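A short worksheet on the structure shown next.
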Amino acid sequence: MRQREFKSHRTQTEVLEGYGDGIAVNEDLNVTGDIAQTGNLTVTGTVTTTIMPIIPTATVAATGTNQATGASVTTGFTLVTAADATKAVVLPTAAAGLVCILKNNVNAALPVFPAASDAINAIAADSAYTMAALTSLYLVAYDDTTWYTLPLLGS
């Protein structure tokens, strides 16, 4: 990876323009203000912030009754409405480190399906995990095929 040194007489935008191989920071980096980042960001070491991270939130109405027809949820926090013990939601495709937090906001069970070929806990791939009425569920993708609930619930 090529490295660039920031010169005080040039702006960061001028230095980085057309620089497609990435940027390596080999010392502490202190930032005041916003950072706009697209693509992957890899950090080795400790990241310290003075605020809690903000996660995406959404409201989704449960629909369908199976993996193919259930309502899709995304990573972050999802408030699920319209559960009736048959209507379902479907998790995104597992990828190591993804997190989904679900809140079943209805007094009925909610089937939660993994994406095609994925699994939740020790349940067979493509099978639903049944969420109890008026409960929350924290799921973490361990790898590209498996979601685990925290705490790990019997399944």
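Only the coordinates and a few stated rules stand behind these numbers; no lab work does. Keep in mind that this is a model prediction, so the values were computed, not measured. Note that we place each Cβ from the backbone using ideal geometry, even for glycine, and neighbour counts take in every protein chain shown.
Matching residues to (1) touching a Lys or Arg at 6+ places or on another chain (Cβ under 9 Å); (2) surrounded by 12 or more Cβ atoms within 10 Å (Cβ to Cβ):
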| position | (1), (2) |
| --- | --- |
| MET52 | no, no |
| THR63 | yes, yes |
| THR75 | no, yes |
| THR78 | yes, yes |
| PRO92 | no, yes |
| CYS100 | no, yes |
| ASN104 | no, yes |
Check: On the given criteria, is VAL112 hydrophobic (A, V, I, L, M, F, W, C), within 30 Å of ASN40 (Cβ to Cβ) and without any contact (Cβ under 8 Å) to a residue 60 or more places away in the chain?
Finding: yes
